[in-house]
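Please read the structure below before turning to the comments.
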């Protein structure tokens, strides 16, 4: 056996169907596409979810809701998380720039302080927004809250 004599077993391969190569091929004329109509044209491709001309499901179902282009998305930071951050990094002052440098939030993230949990020590916090409960808890420990 030599590499140049290798070929597939008889019947293992088929020849490609050669369409539109004249009447003598048996596949000339309309080239197996039938007569006229959308599917006989070159470049035809059916859309996904095409339902044979019936109004597609995604167009029959009503639209709901909307996305508010003016929405401001805040990153929530609870008091317990701020306390954990302060203990881990041994800091008394927390601001958005410092949080971004530590990789806790993204660079341009807006931060909202929420009141879940308790503060054990005085913290000076700078944030973009704050809940009333969080503000009360921060001032109760003697800390301060600056809104940017």
Residues of region 81-92 being under 18 Å from residue 127 (Cα atoms), surrounded by fewer than 14 Cβ atoms within 10 Å (Cβ to Cβ) and out of contact with any helix residue (DSSP H, G or I) (no Cβ under 9 Å at 6 or more places or on another chain), which ones?
-> 84
Which pairs do you get when a residue that is over 16 Å from residue 92 (Cα atoms), found in region 125-144, comes within reach of a residue that is exposed (fewer than 13 other Cβ atoms within 10 Å of the Cβ), reach meaning Cβ atoms under 8 angstrom, with the pair 6+ apart or on two chains?
-> 128/147; 128/148; 129/147; 130/147
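So that you can scan it fast, the table gives a plain yes or no per residue for (1) at pLDDT below 95; (2) loosely packed, with under 13 Cβ neighbours inside 10 Å:
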{"residue": "78", "(1), (2)": "no, no"}
{"residue": "106", "(1), (2)": "no, yes"}
{"residue": "110", "(1), (2)": "no, no"}
{"residue": "117", "(1), (2)": "yes, no"}
{"residue": "121", "(1), (2)": "yes, yes"}
{"residue": "127", "(1), (2)": "no, no"}
{"residue": "130", "(1), (2)": "no, no"}
Which of the residues belonging to region 27-64 are at positive phi and loosely packed, with under 10 Cβ neighbours inside 10 Å?
-> 34, 36, 37, 43, 49, 52, 53
Taking only region 72-81 into account, find how many residues are more than 15 Å from residue 109 (Cα to Cα) and out of contact with any strand residue (DSSP E or B) (no Cβ under 6 Å at 6 or more places or on another chain).
-> 3
With respect to residue 75, determine if the residue is out of contact with any helix residue (DSSP H, G or I) (no Cβ under 8 Å at 6 or more places or on another chain) and assigned to a strand (DSSP E or B).
-> yes
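Output the residue which, of all residues in region 52-66 that are under 24 Å from residue 37 (Cβ atoms) and not in a helix (DSSP H, G or I), is nearest to the chain's Cα centre (by Cα).
Looking only at region 52-66, we keep the residues that are under 24 Å from residue 37 (Cβ atoms), and these are 52-56, 59.
Of the ones still in play, those that are also not in a helix (DSSP H, G or I) are 52-56.
On the way: 52: 32, 53: 32, 54: 31, 55: 28, 56: 25 Å.
Applying the filter and picking the extreme gives 56.
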Scan region 1-42 for residues that are in a loop (DSSP other than H, G, I, E, B) and within 30 Å of residue 61 (Cβ to Cβ) and report the count.
-> 1
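The values are calculated or read from the model by the stated rules, or taken from the named source; none is laboratory data. Keep in mind it's a predicted model, so treat the numbers as computed, not measured. Glycine also receives a Cβ, built like all others from the backbone with ideal geometry; neighbour counts cover every protein chain displayed.
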